[in-house]
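None of the figures in this text is laboratory data; all of them are computed from the coordinates on show. Note that the structure is predicted; figures quoted are calculated from it, not measured. Here the Cβ positions follow ideal geometry from the backbone for every residue, glycine too, while neighbour counts run over all protein chains shown.
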Amino acid sequence: MLPPFSAALLLCLAASASASSSFDPNSQAMDPALHRELAHEFAAGSPLRARTVTNLQTFTQALGGASAAPITNSGSPIKPFAVGADTFPDFASAATRTCNNQHNVCANMVNNGTMANGALTVADCDTQQSDGYAAELPGLG
């Protein structure tokens, strides 16, 4: 049996991808050993390609129970990060989407009157979104 997809490997890919706006496997900045491992992981027809999906989401704040969606491995070498059915070429784009989706759910709950008996406001959702950006995208949040 093959070991589960390494979260550390995906985090290395995320760091490399978010450092530049897109993942470039030919980049001189990428460690050659990491490049070989990623090429192997995502090679067409590889049995490793579509294995275990790992949640890379680190933001846990959830006002009114509205948590941020998981960021997972899509299995695609072009857009390896997924939030729900949407896929992204880099971690930063996926993190932005999950924070934005969480904000929308939070704001809808406030506007519909279903969040904490009116004790929370859309401004609280805005703050949570900023906190999510800061947690997922250091330096950008």
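A few comments on the model shown:
- Going through (1) closer than 15 Å to ASN55 by Cβ; (2) charged (D, E, K, R); (3) surrounded by fewer than 19 Cβ atoms within 10 Å (Cβ to Cβ) one by one, ASP131 falls short only on (1).
- Meets criteria (assigned to a strand (DSSP E or B) and either over 15 Å from LEU56 (Cβ atoms) or in contact with a helix residue (DSSP H, G or I) (Cβ under 9 Å, 6 or more places away or on another chain) (or both)) for THR127: no
- Scanning segment 63-85 for residues that are in a loop (DSSP other than H, G, I, E, B) and free of Cβ contacts under 8 Å to residues at least 12 places away in the same chain, we see that the one that is surrounded by the fewest Cβ atoms within 10 Å (Cβ to Cβ) is ALA85.
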